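Undergrad: The structure follows.
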Amino acid sequence: MILAENITGLILAGGRAQRMGGIDKGLISFHQKPLIESAIARLKPQVGPLVINANRNITKYAVYGYPVMLDEAPDFSGPLAGFSVGLKACKTPYLLTTPCDSPLLPKDLATKLGEELEQGDFQLVYASSKESDGKIWAQPVFCLMRANLQESLNAFLSKGDFKIDRWFKELKTSTVVFDDALAFANVNTPEELQSLESVSA
């Protein structure tokens, strides 16, 4: 079993949020609190150290008392750029990543991904969600990886490729299917935010 203290949690808040009009998604109000607070509250009990990846409003994120890391790659290069700074900051054997805009993320994310990682001796395990119609969707930004993947990721990024699924293909990976699709619901539009608030009231 992987202990929480051996996992660094990384909350990804570095995106551009184009579908939300470019506002900083982690700071959008959800039940009268910034979205990032829901992510911290759910992730904190599952990990040891916690790091936030953000590219703007750094002082607003810093008030939570966790290190705030900026992408080293320019131009909002997507989650892999966040993974890269997370791995650099990671002093534990494992890194668990989640986005800032999924306020209902699973409380057993680390446990389930950790069990799979150890059982199959994988390098990285990511979550998948099962929708009400039975469809399975990959949720690659929710993943647990070994902290020794920095070199692999740097080599991948140096080719100018930022596609998360292509990097995963270079690794020994697996996925865990979670039945509660709502746990991975994220906020891309003001309408989605409203509907998520109503179902999680």
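The values are calculated or read from the model by the stated rules, or taken from the named source; none is laboratory data. Keep in mind that what you see is a predicted model, and the values were worked out from it rather than measured. So basically every Cβ, Gly included, is an ideal-geometry build from the backbone, and we count neighbours across all protein chains shown.
Undergrad: Can you tell me which residues in region 149-182 are hydroxyl-bearing (Ser, Thr, Tyr) and within 27 Å of GLU131 (Cα to Cα)? Break it down into steps so the answer makes sense when it comes.
TA: Filtering region 149-182 down to residues hydroxyl-bearing (Ser, Thr, Tyr) leaves 152, 158, 173-175.
Once the filter is applied, which keeps residues that are hydroxyl-bearing (Ser, Thr, Tyr) and within 27 Å of GLU131 (Cα to Cα), region 149-182 yields THR173, SER174, THR175.
Undergrad: Helices (runs of 4 or more DSSP H) wholly in region 77-191 with at least 1 residues that are surrounded by fewer than 22 Cβ atoms within 10 Å (Cβ to Cβ) and basic (Lys, Arg) - which ones?
TA: Values: elements: 79-89, 109-119, 150-157, 164-169.
Answer list for region 77-191: 79-89, 109-119, 164-169.
Undergrad: Out of all the residues in region 9-22, is one or more of a type in the set (Gly, Ala, Ser), at pLDDT 85 or above and under 13 Å from TYR64 (Cα atoms)? Quick ask: steps written out before the conclusion?
TA: We begin by selecting, within region 9-22, every residue of a type in the set (Gly, Ala, Ser); these are 9, 13-15, 17, 21-22.
So of that shortlist, the ones also at pLDDT 85 or above come out as 9, 13.
Next cut, under 13 Å from TYR64 (Cα atoms) only: none.
No, because not a single residue in region 9-22 is of a type in the set (Gly, Ala, Ser), at pLDDT 85 or above and under 13 Å from TYR64 (Cα atoms).
Undergrad: In region 77-94, which residues are modelled with pLDDT of 95 or more and closer than 14 Å to PHE142 by Cα?
TA: PHE83, GLY86, TYR94
Undergrad: Return the pair list, or none, for Cβ contacts closer than 9 Å from residues in region 141-159 that are free of Cβ contacts under 8 Å to residues at least 24 places away in the same chain to residues that are in a helix (DSSP H, G or I) and of a type in the set (Asp, Glu), at least 6 apart or on different chains.
TA: Going by the 9 Å Cβ cut-off, there are no qualifying pairs.
Undergrad: Find the residue count for region 148-190, including only residues that are at pLDDT 95 or above, more than 16 Å from PRO79 (Cα to Cα) and aliphatic (A, V, I, L, M).
TA: 3
Undergrad: Checking the structure you have, find out if any residue of region 50-62 is out of contact with any Pro (no Cβ under 7 Å at 6 or more places or on another chain), among the small types (Gly, Ala, Ser) and within 17 Å of LYS172 (Cα to Cα).
TA: No, region 50-62 contains no residue that is out of contact with any Pro (no Cβ under 7 Å at 6 or more places or on another chain), among the small types (Gly, Ala, Ser) and within 17 Å of LYS172 (Cα to Cα).
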